[in-house]
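Here the structure comes first, spelled out in structure tokens, and everything after it is commentary.
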Amino acid sequence: MPRRNSLRGLASKISGLFRRGKKEEEPVTAALPPVEEEEKGKLTLMDRIDTIAYSWFGELGAKLAKFFNLDEALAMAGIETYPTIYATRMLFFTVAAACISYFYMVLGLYYASSLAMQLFVVLSAIIIPVAVFTGFLAYPSIKASTRSSAMEHELPFMAAYLTTVAKGRVTIVRAFERLANIDILPAAVREARRILRDIRLFGKDPLTAMEENAMNHPNRRYRDFILGYTSTVRSGGDIIHYLTSKTEGLFEARAAVVKSIADRIAMLTEAYVIVAVIMGLGFYIFFSVSSITPGGKPASLTNFLLFAYVFLPMFSLFMLLAISALQPKTSLPMPEPYKALVFSIPAGILVAALGLYLTGSWKALIGAEQPTKESISGVLMSITLGLIILSGPPAVYYSVVAYTSKGVEEYVASFLRDMVEVRKTGLSPERCIIHVAERDYGRLTPAIRDLAKLLSWGFPFTRAVRTIVGRVRNWFARVALTFLVDAVDVGGGSVETLEALARFTFALSEFEKELASKLKPYVIMPYFGAIMNAVATIMVIGFTSETFKVSPSALPISMETIVLYFTLSMLLNSWIMGLVAGRISGKHLAAGFTHAIILVVIVYAAIVVLIMKFIAFA
């Protein structure tokens, strides 16, 4: 009996240790892929494919992994897959694509009637497996580039956070544990969880885990920052001084990055204007003249439709993706405008269809009858109303949300500076916030005063701040207030810690403001392009049609048809140009819906006025 009681006591102590350690190991478990209870012990589809691939191509996969240096490539990309397994997976999908392509080639050669079609089938069958193989080889490089870019934007915030908590005499492991729970910095969180996983699960010492993580990271500044820290610790240097000086250096580098981002977006915007305006205008003029020239080929209209309704929209979408990739990922998800699209898209289509039906212009749009001046006006008015209805609700939602968070970065920095000055008098951090809440901080004032109320009612500091953080719709403000929680929690809210946080926050807010000011002048360029296209093209069509009135030959395409398809393409492309303008000005695509509405209205008004003035219909 005594032995049984002792065993029970030992078991309870062990279970107690596990219960106490559960909270500390949350960042580690978060770094591992989630596994459902019913799925434990079961192989996924990819596991089964990897098993078959390894059994077929194991030896060849090992040689390919060594030849292409997949070990280093996968480590840099953060892809936690054994290199030989990845190589065998690549071979498996390449062989599968080759088999499918071969079957497709046999069928194509059997049914193809012309030599050109047979050649196309053979080339497609060759290109598809090569593209699959190349895609697998390029994927680690793409992931590594994404990983580096994400860390490039977040590294100054990560360095500022580590410096702030280090002033509170917190160990680096504890600092990474707290950093691993700040989900608002996803790239930094992923690296912190990887380091903690190596420490907790693989038994590595903290400095070794940090060094290995840095050596396998594609971002050079991150490598220098982490390796410099470990070197300072090993040599017995001043860690606080290193972190402070390195963070200030990263801020200087951040200023250069902001300038570089602005220059790249400016270059893309200029290229977009050149293609969409200069080349677009040239093609508009060429197609309009060739379509209405006596003896011209109607095929020129088909080429124009491909250019105006396929190439230009695709090019605009490509520019949207490119600008989005360049801009810093410092924005919170804003789902409300996109949820509004669920209702506004059907409403816009319904309004446009109803307008086409009521005006009877739908027949002219689909080519069932010859367009007239009235039918052209009906088509343009219906499409314009449809685009406005489609863009209206998302634009309103975004404007409301953006208004509440505009300029909050500067107010957060002012709030922290004021809090530091009051803290120097000896008041507690809670009393400091209650005291400064009487001041005006613009759109941040309601949140600060609600925070002061919670603290005055006796709420714990951490709970009160995190309650308010959830209500703030600005990414930068959330980061600063989250840092404030840890600065008070681990550092006691000392003057030195809060002063460092305020200084870093002010510098980062200046960078955000500088980037916005540099990009602001380029917002006007899509406006210039859309209006110039509409005005110049309508004038050229009008002057050309007047010139050919004296010709005895009949025109291959009626003037009304040319005007209908040209003006409709201008209207649709101006709407897409508005989205590009919004993406340049804001951190969300939803910012473009307001610009799209303005551009559509301007271009519609310009088209109506110019058609009345320069074009005489039969």
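The values are calculated or read from the model by the stated rules, or taken from the named source; none is laboratory data. Everything numeric here is computed off the predicted structure, so don't read it as measured data. Here Cβ is always computed from backbone atoms with ideal geometry, including for glycine, and neighbour counts include all displayed protein chains. With ligands, DNA and RNA removed, areas are computed over all heavy atoms of the protein, side chains included. Shrake-Rupley method; radii C 1.70, N 1.55, O 1.52, S 1.80 Å.
Here are the numbers for the structure shown:
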{"item": "Evaluation of GLU409 against (1) surrounded by fewer than 21 Cβ atoms within 10 Å (Cβ to Cβ); (2) of a type in the set (Asp, Glu); (3) in a helix (DSSP H, G or I) (one fails), failing number", "result": "(1)"}
{"item": "Every residue from segment 423-448 that is part of a helix (DSSP H, G or I) and within 16 Å of LEU484 (Cα to Cα)", "result": "ARG423, PRO429, GLU430, ARG431, CYS432, ILE433, ILE434, VAL436, LEU444, ALA447, ILE448"}
{"item": "Residues being open to solvent by 70 Å² or more (accessible area, probe 1.4 Å), among the β-branched types (Val, Ile, Thr) and under 25 Å from the mean Cα position of the chain (by Cα) - total across segment 364-403", "result": "2"}
{"item": "Extreme residue, modelled with the highest pLDDT, among residues of segment 547-604 that are within 30 Å of LYS363 (Cβ to Cβ) and outside any helix (DSSP H, G or I)", "result": "SER558"}
{"item": "Members of segment 42-54 that are more than 13 Å from TYR86 (Cα to Cα) and either of a type in the set (A, V, I, L, M, F, W, C) or open to solvent by less than 90 Å² (accessible area, probe 1.4 Å) (or both)", "result": "LEU43, THR44, LEU45"}
{"item": "Some residue of segment 95-106 being part of a helix (DSSP H, G or I), touching a helix residue (DSSP H, G or I) at 6+ places or on another chain (Cβ under 7 Å) and more than 30 Å from ILE49 (Cβ to Cβ)", "result": "no"}
{"item": "Output for segment 311-324, where each listed residue is open to solvent by 20 Å² or more (accessible area, probe 1.4 Å), in contact (Cβ under 8 Å) with a residue 40 or more places away in the chain and within 13 Å of the chain's Cα centre (by Cα)", "result": "ALA322, SER324"}
{"item": "Segment 157-193, residues that are in a loop (DSSP other than H, G, I, E, B) and of a type in the set (Ser, Thr, Tyr)", "result": "THR171"}
{"item": "Residue that is nearest to ARG583 (Cα to Cα) [pool: residues in segment 332-361 that are among the hydroxyl-bearing types (Ser, Thr, Tyr) and open to solvent by less than 40 Å² (accessible area, probe 1.4 Å)]", "result": "SER344"}
